[in-house]
Structure formats: structure tokens, C-alpha cells
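The values are calculated or read from the model by the stated rules, or taken from the named source; none is laboratory data. Predicted, not measured: the structure shown is a model, and the values here were computed from it. Counting neighbours? That spans all protein chains shown, and the Cβs are built from the backbone with ideal geometry, glycine included. Quick note on the areas: whole protein, heavy atoms, side chains included, nothing else; ligands and nucleic acids left out. Shrake-Rupley method; radii C 1.70, N 1.55, O 1.52, S 1.80 Å.
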Amino acid sequence: MSRDYVLQPFRSEVHLQIDYARELNPQQLEAVTAPPGPALVIAGAGSGKTRALTYRAAFLLEQGIPAERILMLTFTNKAAGEMMRRTGELLHQDPPPIMGGTFHSVGARLLRLHAKLLGYERDFTIMDREDAKHLISTCVGESAIDVKATRFPKAEVLGDIFSLALNKLMTVREVLEKEYGYFTELAEKIEGVRQLYVQRKRTTNAMDFDDLLVLWLKLLKDHADVREHYQRRFQFILVDEYQDTNKLQSDLIDLLAARHQNVMVVGDDAQSIYAWRGANFQNILKFPDRYPGAKVYKIETNYRSTPEILNVANAAIAANVHQFAKQLTPARKSGAKPALVTCGDTAEQAAFIAQRVLELREEGFDLNKMAVLYRSHFHALELQLELTRRNIPFSITSGIRFFEQAHIKDATAYLKLVHNPRDELSFKRIVQLLPGVGGKGADKLWRSFAVELAKQPLTRPADTLSPSDGERDGVRGHSAPLAITLQSCAKVVPKKAAVAWAQFVATISQLEAPGVRKSAGKMLELVLEAGYEDYLKENYANYRSRLEDLEQLAVFSQQFQTVEEFLTQLALLTNVEAEDDKPADRDDEKIRLSTIHQAKGLEFDIVFVIMLCDGMFPSERSLDSEDGEEEERRLFYVAVTRAKNELYLSYPLIRAGFGNSGATLQQPSRFLNEIPKELLDEWNLRHYA
């Protein structure tokens, strides 16, 4: 072993006596025992990349490198926890003596030591998202911006714009032009708010999450003595999940490693799927260019999946031009070919999955070990309904249920109010969307509305009456159109909300029209057209995906005979339990429904990947660029490699369209066409219909 490993006069007293050749496969061993210098470890799915990194740390200690000379970094809290836990177990020390964690946690520790150099005190506060949003709102107020005269982004959207600019090392204007074109004309004002926000953070001795990286990098760039200290101290830098890092994190690593060049990054370029939140695919792809002479190690033995699943995975990623070519090699015995399931429509797709899940359970597979993966949450709407009908328990890995998201509840509140004017919660939810109306204002408006409502005899249209309609709780049903009753409350509406209230009344009037009120889809379309789409732009950074959710909810509603039936099913589906990334108890069996992004890092015995249609997966927006299509193909690769024993790939031939487009014929995903037919088993669905 090269003597360059030892930084005299320090010596390690660690004697682990690990038999590396016995505990690692040849590819892992080569990476773990690599000589000093820059190294890129391309570790395929299920190949034990974290194992390689933790053994690398142990190996360095055995070679005489002091623990304080090693820095271990990764991207997420979950990955950091796993990395440090495994390192501690290997070293028989908990916590391990090595400095490590997420970029943000390490940045916070170092900034505490040098805060004064940046104009902060050591006891600075780290703001969470809510704190940051509140401070940004304060800055907007202090900027004398007339938010009534123009549609100005809310604090949460501004925070996302500022964050994206920092993490991608772009200007605010560049971010607006690329991601928020509808706010480009406000670039100067938004930049002014950002500058004020930066000043306020310093005067209040507070940092937000992004500052932990931005100010760490500034500290190293602006203070040569601090930079040299940490360049000398961290003789070896180990980075896990490198494919998920952004430009800012990459620059931090490069600056810290500039002296010794002993940086080993471990990741899988084929699993780089987070460009939408700032991850830079070029970090891993261009690593050898930034570090001339860097050695590239490949770990391709997969311990998770059957050979048949890996054949599909290898074929799935092969079409990507920008990648490190690799071939996942199975360590397991042969199994069943993955199934290609062509369904008549989305209802048949849902019926197939539900029936197959029941069959698999009879064969001895726990529901806990099955997962349905999809590109977007709305892809699983029909499936949620079918599973509920068949009493098949399921959990949704999302942190929040689709039907409980704010934009879904906002839009459906209009439908609920039109069909039940006594719905106090829906009334208050809608009016609090109006400018200048808070909780107290909503209460006042409701009291006025209830009084006006009680004055009217029940003369609702016959098609909207149900046997339970009539006097209830001392408040009678409404008479003339609901819009007229609302208009009579205008005198108590705050001045700030006067224009918005008039729009609200007009919208309700349109929703009450006989040709509209019988169709949930038409009602939802009208809500969007009447101003809610503009509300999404103003309030949500991910406005496009939320708009798509609502458009697809309108499509989903077409299968119900009445609006009441649609709202009833929404209420039932809302009660489905949502989970974080925690396995269910064996006594509480549930099949997992999850987006592919949220399933990354997980594995299941049985995996269904659904809605594999062009324009759905890959998504229509991604097809505008080669980079977008390649990231979608990597996402498909991640989905395939979650499966251990059985894999089902499905798509519907026909799908209902949004608005007046009607039912449309679907083209199978181009990703399916890239897989040789002999690798898949085509299923006949006649007995599942």
C-alpha cells in the first residue's frame, strides 16, 4: 500500500482485521482498496454501493489514516443515517469517529465555528420552511410592492425561486425565464425582495436551509486560511449518492478536495432522477473531466433481482446516450419473465392489478411486499377506487394523500358548495382563497350568508334534490340560484376582496347552470378557467403538476353518473391511510402505492409499473428535450430495478381525455418498445375483465 496514505505524524490505532476479500465481491474489493487519488465508483442498482463506501472508510483507518482526516457526505437524511449507521457497526463504534452526514448537517457544524467571519454569531438560528416563508412575506410587505395591482408570487413560491437560483448557481432572472416564464416581467422586483431577505437574515442572525451550503462555500472561497485548514484536514473525502448532488454541492467537494485530490464519489448515473429539484446529472457524468487521471470502478453484481428482471433493466437503460455503460449481473437464480399487460382502458388496468394482487396473496406473498409504482399520483386514481371497492388495504407513500392535497380540496369545495349550500367548511375554504379574507373574515361572511340562506324557501331544481333535503339544523335549503344569495352578502365583504368576490359569485352562477351542475368534470374545468389556474401560478412553485392533477381529476370524474356519487367516492378515498417510507406491520398488511421518485432506494418482491403510455410515462413535458427524455428513461430504470421476484408492466389502450377531447387511443411507452419482445411475457386479460 502506498505510503501516501499516511499523513505523518498522525497514526491510527485501529486494528479491525477485516477479511475484505471474503466479505466483498471482486468489484467491490477493487474499489474499497483503491490507491489514493480521485475515484468514481459507478455502483448499479442493488449492488451494495453503501457497503463499498463504509468498507472504504474502514480500510482507510486500517491503513493509518486518522478518523479526523476522513469526511463522509451524502445527499439525504435517510442516506446519511444509513451510511453512518453501517460505518459505526463496522468500526464497532456508535457514533463512528469520522465526521459525516448530509451536506447541510456538516455545513451547519462548520459554520458554527466560523460564523463571525460571515457576519453571524455562533448561536445563529436555522429557519425551517415556515420561518423562511414568514420572513419572505415580511420582506414583500417592506418592499412597498402593490400585490393587488399585479399578480405577485406568494412567499412559498419566492422561496422556491430563491432556492433554485442558489442551488443551480443561476440568477433569479435566469430561473424565472427557464421555470416561471409568467413572472419574468417581475424579475427586478423579485430580485429586490431577495436582496432584502438576505439582509434581514443577517440582521436577525438567521440562516435558511440553503445558506448552510451557500455560506459554507462562501466561507471557503473568501477566507484562504479557513479553506487551507479544511483542505489539509480532510485528506480523504467519500461521497455517497453522488448522482443526486447539485452544482453547489459539487463545487464544495471540488474545493475541499483541491489539495489532496483524494475524493471517492459513489453513485449510479442511471438513477439520477432529481433534476427538477436541482440535482445536476453532469456532476457524475463529467467527474473524470474535472479530475484528470481519475479511476472509474464499476460494481455491477446485483443481489436484489432475478436474471429476467435484470435483462429488462439493462435493455431499458441502453438507449440513453449520456451514461456510463454498465451491465447488471445477477447473483440470484432464474425466475419468471416480467409480464407486459395491455389493458383495454384504465378501469381494466385497475381490475387486473386488484385481481392479480389477490391471486398473489393466495400464493403466499404478503401485501406488504407488493408495490404499484407510477410516474404521477393521478395515474393511480382508478386503482385506488378499485382497491377500495374490493376491500384490498393499501397505503400511499407520499406523506399526504392525493385527495387531501390543498389544490384538490380547494377545487372540489366549489362542487360541494353548489350541491350543498349548507356546507360551512367548503364555503369558508373558498372565501379564504380571496385576498384579505382570513379565518375571522370567513366566519363573518358565513354568518351573513347563513342568514340570507335561511330567508329563502326550498325551491331547488328537482334534479338536485334528495330525500334528505329540507329543513335541517334550523337552516332551510336555498331557493333562487345560490349566486344571488351570495351577492346579497356583498355588503360585508372586505374592500380588498370586492373584485375577487364578484368573480366568485360569477363562477358559482356558471357552475349552477343546468348543463354544468350535472357534470363534475365540466364543473372542475370551469373552476380552473374562472381563475383558480391563476391562483395556482401565484401560490405554488409546482403549479404545472397541480394543474395536471386537477385536469386528470376532471377526467377521473367522468366515470360517475352524478356529482354526488363522485363526491361520495372522494370522501371514501380520502380516508385511505398515507405513510412515510416505513414498512407496514405484518399484522397490518397493505399493498404500497407510490410514485417512482418516492420509491427510490426501496425494494419489493412484486412490482407493478402502470400507465406506461407515451405522454404519461414518459411525461409529455419531458419529451421537449433529449435531457428530459433521458431522465424519464432513468426513472423507468429505477422502477424496474425495485422488483425482486416478479415485475408487471401495464398500459391502457384507451383513456378518457380532458375537456372536449373525449376518449383517446394511447400509444405504448417508447420505453416498452425499446425492450426486446423475447424478454417479456405478454399476458391475456380475458379472465381479469
Fill in: In degrees, nearest ten, helix 498-511 long axis to first principal axis of the chain (Cα)
70
Item to complete: Rounding to the nearest 20 debye, state how big the charge dipole of the chain is about its Cα centre with +1 on each Lys and Arg Cβ and -1 on each Asp and Glu Cβ.
Response: 1320
Practice prompt. For Ala406 and Arg151, calculate 0.36 nm times their separation in residues minus their Cα-Cα distance, and state this gained length in nm to one decimal.
Written response: 89.8 nm
Discussion item. With a 1.4 Å probe and all protein chains left in place, how much of the accessible area of the chain comes from carbon and sulfur atoms, in whole percent?
Written reply: 49
Item to complete: Give the residue from Thr76, Leu110, Leu40 lying farthest towards the positive end of the charge dipole for the chain; charges sit on Cβ (+1 for Lys and Arg, -1 for Asp and Glu) and the dipole is referred to the Cα centre.
Response: Leu110
Discussion item. Longer than 27 Å from Cα to Cα, which of Lys133/Lys189; Lys189/Lys600; Lys178/Lys295 are they? Say none if no pair is.
Written reply: Lys189/Lys600; Lys178/Lys295
Worksheet item: Which residue, chosen from Val372, Gly436, Pro481, occupies the Cα position most advanced towards the positive end of the dipole of the chain, where the dipole is computed from +1 (Lys, Arg) and -1 (Asp, Glu) charges on Cβ about the Cα centre?
Response: Gly436
Item to complete: Taking 7 Å along the Cα-to-C-beta vector as the label spot, tell me the His229-Leu623 distance in nanometres, rounded to one decimal.
Response: 5.6
Response to the item:
Of the candidates Pro514, Thr595, Ala165, the farthest towards the positive dipole end of the chain (Lys/Arg Cβ +1, Asp/Glu Cβ -1, centred on the Cα centre) is Ala165
Worksheet item: Taking the simple approach of a point 7 Å from Cα along Cα-to-Cβ for both Arg202 and Glu174, what is their distance in nm?
Response: 2.2
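At most 15 other Cβ atoms within 10 Å and a DSSP loop assignment: could you name the trypsin sites (Lys or Arg not before Pro) in the range 495-545 that fit?
Loop-located and lightly packed - Lys518.
Explain nothing, just the number: relative contact order of the chain, from Cα pairs under 8 Å at least 6 residues apart, as a whole percent.
Values: 1112 pairs, mean separation 120.9, N = 689.
Answer for the chain is 18 percent.
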Practice prompt. Give me the angle, in degrees from 0 to 90, between the Cα long axis of helix 103-114 and the longest principal axis of the Cα atoms of the chain, rounded to the nearest 10.
Written response: 70
Worksheet entry | Distance from the range 96-121 to the range 324-342 (C-alpha centre basis), Å | 43
Discussion item. I'd like to check one number: the per residue accessible area of the chain, probe 1.4 Å, reported in Å² as a whole number.
Written reply: 43
Worksheet item: Out of the range 53-137, which trypsin sites (Lys or Arg not before Pro) are coil in DSSP terms and have no more than 14 other C-beta atoms within 10 Å?
Response: Arg122
Response to the item:
Yeah, the range 583-637 with a ≥ b ≥ c from its alpha-carbon gyration tensor (a/c under 1.5 is rounded, else prolate when a/b outruns b/c, oblate otherwise) is prolate
Discussion item. Output the 0 to 90 degree angle, nearest 10, between the alpha-carbon long axis of helix 307-317 and the longest principal axis computed from the alpha carbons of the chain.
Written reply: 80
Discussion item. Tell me the Kirkwood radius of the range 336-463: reciprocal of the mean inverse pair distance over distinct alpha-carbon atoms, in Å.
Written reply: 18.6
Worksheet, complete the sentence: With a Förster distance of 45 angstrom and the Cβ-Cβ distance between Asp443 and Lys295, calculated FRET efficiency to the nearest 0.05 equals 0.10
